[in-house]
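In what follows, a single structure is set out as structure tokens and then discussed.
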Amino acid sequence: MSIKTVSPEPSSLTSPIPFRSTSEGVENYRTDESRIQGRIKGVFFPRNEAEIATLLLTAQVNKTLITLRGSGTGLVAGAVAKKGYIISTERMNHIEDPKTTCEFGSKKTIMRVEPGAIIKEISDRAQGAGFFYAVNPTESSASIGGNINTDAAGSRAFKYGSTRTYIEKLRIVLMNGEVLVLQRGKHHFNDSGKLEIVCSGGQSINLTQPRYIMPEVKNSAGYYNQPTMDLIDLFIGSEGTLGVISQATLRLLPSPGPILTGLIFYDSLEEALTFIRDARETSLQNRISGKSGLDLRALEFIGRSALDFVRDKYKGIIPDETLAAIMIEQELPTKCDIDNFDQLPACRELFDLLGDKAEKSDGSWISFPGDNKHMQRILDFRHAIPESVNRKLRYEKMGTDLIAPARHLEKFVHLCSEIPEKHQVPHAIWGHISKCQLHVNLIPSDKFEYQRALLAYEDLAQAVTALGGSVAA
């Protein structure tokens, strides 16, 4: 199996590639949301594919180090350069209108975007045309290029999966300045794990799949690897190390119906975990059987350690005895009687699982379908957690993205809090518990706590991998 590269799309621009040196204000480009500081010589701002190709080829010839950057919302310093130059894709932010086509083998609605396009703007454009971009990362200000390079998932991954699921086609600029055009389903590794890329000059790049076996959970710790996999999947989640995306074709879905949103406060962690387990299993069973009933698209966990960061802001709203909060989203039929929504099978099953939590005003916030103001209040609460943590940082934060098999859910949640507590490291825990995925944020306040945080991080990694999980979901 082989694939040929193509030349970059020609540029109509004659002005030099925009560049900003260290004397022209590049402080924001030295770091990302991790707050870790890097050292750079300057930042390039390519405006099209041809300019990316020029930068990469020049860097290769001159053996210059470059680091790719999207919108800088990452939490693990992936866009922080220790030396060399930054290539920022922020000026390549064009979004085409959605269109329905059969060019990908079956009738699909697609949207072509450049790598610097922002997720919120993509979602808004899709929604305005009556469609739905299903991926919902925590940071809606993230770029689509960054989401593809990390295979971002987010709160809706329980029902809709990660970014990988919605990538139909990529244009990727390689370090030699040539372009790979990858359409899903067209180029696979053979049974021996081989694939050849033939460049325009005649030279070949021979790829051999590694032999490691991926864990059963979502995993971004290393390149994606499956037998006879599609070449496009090697680039998704590769952190920009194999090439620079210049254009992506996304698959859109029909817009869902009304959304019921809830935020449930628990004064018992075990009760919260019981609800999570039951809600997950009921949703999965209904999804597999096709039964009309509960099918949560989002099931989020916020631990006591994270709630402590927003108790002052929500004083009198978060019950004092709260040890955990659960956020849920349930789609309802497009055509349903909003006035009697509580009689729908999905709502009846949800309220049965919630028990008296569905009745107590101090134990839950339920946003009824159509109550957009209340729904936004719940979403704002969820987003206030990481924002509050970042505002109170006094030293470098260690962000994690841990995931474990769902059969170990309770054990996983407990060890995520017990290990930081054992090492006496301030922390905050929240995440996509529907996928058994948690962000354990270690928040040292000085260099001594930082050293303890390193030990806690190592213990967390060993504990999670021992469960069959991954240190990077």
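The values are calculated or read from the model by the stated rules, or taken from the named source; none is laboratory data. Owing to the predicted nature of the structure, the values given are computational and were not obtained by experimental measurement. Every residue, glycine as well, gets a Cβ built from its backbone with ideal geometry; the counts of neighbours run over all protein chains shown.
Among the residues of the range 245-261, those that are in a strand (DSSP E or B) and either closer than 21 Å to LEU353 by Cα or touching a His at 6+ places or on another chain (Cβ under 7 Å) (or both) comprise ILE259, LEU260, THR261.
Within the set GLY399, GLY469, the sole residue that is touching a strand residue (DSSP E or B) at 6+ places or on another chain (Cβ under 9 Å) and at pLDDT below 95 turns out to be GLY399. Can ILE288 be described as at pLDDT below 95, outside any loop (DSSP other than H, G, I, E, B) and not assigned by TED's automatic domain parsing to the domain that holds ILE433? In short, no. Residue pairs whose Cβ atoms lie under 7 Å apart, sitting 6 or more positions apart in sequence or on different chains, and linking a residue in the range 300-327 that is closer than 21 Å to THR261 by Cα to a partner that is acidic (Asp, Glu) and not in a loop (DSSP other than H, G, I, E, B), are ILE326/GLU300; MET327/GLU300. For ILE264, the stated conditions do not hold, so it cannot be described as closer than 30 Å to ILE318 by Cα, assigned by TED's automatic domain parsing to the domain that holds ALA325, hydrophobic (A, V, I, L, M, F, W, C) and in a helix (DSSP H, G or I). Among the residues making up the range 94-113, those that are touching a helix residue (DSSP H, G or I) at 6+ places or on another chain (Cβ under 8 Å) and in contact (Cβ under 8 Å) with a residue 40 or more places away in the chain are PRO98, MET111, VAL113.
Screening GLY145 with (1) surrounded by 19 or more Cβ atoms within 10 Å (Cβ to Cβ); (2) part of a loop (DSSP other than H, G, I, E, B); (3) within 14 Å of the chain's Cα centre (by Cα) gives one miss only, at (2).
Within the range 22-31, identify whether any single residue is of a type outside the set (D, E, K, R), in contact with an Asp or Glu (Cβ under 8 Å, 6 or more places away or on another chain) and not assigned by TED's automatic domain parsing to the domain that holds ASN441, and answer yes or no. Within the range 22-31 (the criterion being of a type outside the set (D, E, K, R), in contact with an Asp or Glu (Cβ under 8 Å, 6 or more places away or on another chain) and not assigned by TED's automatic domain parsing to the domain that holds ASN441), the answer is no, since none of the residues qualifies. Of the residues making up the range 331-362, just one is buried (at least 17 other Cβ atoms within 10 Å of the Cβ), over 31 Å from the mean Cα position of the chain (by Cα) and not in a helix (DSSP H, G or I), namely LEU344. For the range 166-179, does any single residue satisfy the condition of being among the acidic types (Asp, Glu) and either touching a strand residue (DSSP E or B) at 6+ places or on another chain (Cβ under 6 Å) or free of Cβ contacts under 8 Å to residues at least 40 places away in the same chain (or both)? Yes: the range 166-179 contains one or more residues that are among the acidic types (Asp, Glu) and either touching a strand residue (DSSP E or B) at 6+ places or on another chain (Cβ under 6 Å) or free of Cβ contacts under 8 Å to residues at least 40 places away in the same chain (or both). The residue that is farthest from GLY70 (Cα to Cα), counting only those in the range 112-141 that are part of a loop (DSSP other than H, G, I, E, B) and small (Gly, Ala, Ser), is GLY130. Can you name every residue in the range 40-66 that is assigned to a loop (DSSP other than H, G, I, E, B), surrounded by fewer than 17 Cβ atoms within 10 Å (Cβ to Cβ) and of a type outside the set (Ser, Thr, Tyr)? Once the filter is applied, which keeps residues that are assigned to a loop (DSSP other than H, G, I, E, B), surrounded by fewer than 17 Cβ atoms within 10 Å (Cβ to Cβ) and of a type outside the set (Ser, Thr, Tyr), the range 40-66 yields LYS41, LYS63, LEU65. Only one of the listed residues (ILE40, ILE86, ILE66, ILE17) is in contact (Cβ under 8 Å) with a residue 60 or more places away in the chain and not aromatic (Phe, Trp, Tyr). That residue is ILE86.
In the set VAL6, VAL76, only one residue is in contact with a strand residue (DSSP E or B) (Cβ under 8 Å, 6 or more places away or on another chain), more than 30 Å from GLY202 (Cβ to Cβ) and among the β-branched types (Val, Ile, Thr); that residue is VAL76. Where strands (runs of 3 or more DSSP E) sit wholly within the range 363-473, those with at least 2 residues that are buried (at least 17 other Cβ atoms within 10 Å of the Cβ) and under 22 Å from the mean Cα position of the chain (by Cα) occupy 427-431, 437-442.
For the range 86-111, a tally of residues being crowded, with 18+ Cβ neighbours inside 10 Å and in a strand (DSSP E or B) returns 7. Against the criterion of being hydroxyl-bearing (Ser, Thr, Tyr), surrounded by fewer than 22 Cβ atoms within 10 Å (Cβ to Cβ), assigned by TED's automatic domain parsing to the domain that holds GLY222 and within 19 Å of ARG35 (Cα to Cα), THR73 does not qualify. Taking first residues from the range 369-385 that are of a type in the set (Ser, Thr, Tyr) and partners that are surrounded by fewer than 16 Cβ atoms within 10 Å (Cβ to Cβ) and outside any helix (DSSP H, G or I), no Cβ contact under 9 Å between residues at least 6 apart in sequence or on separate chains turns up.
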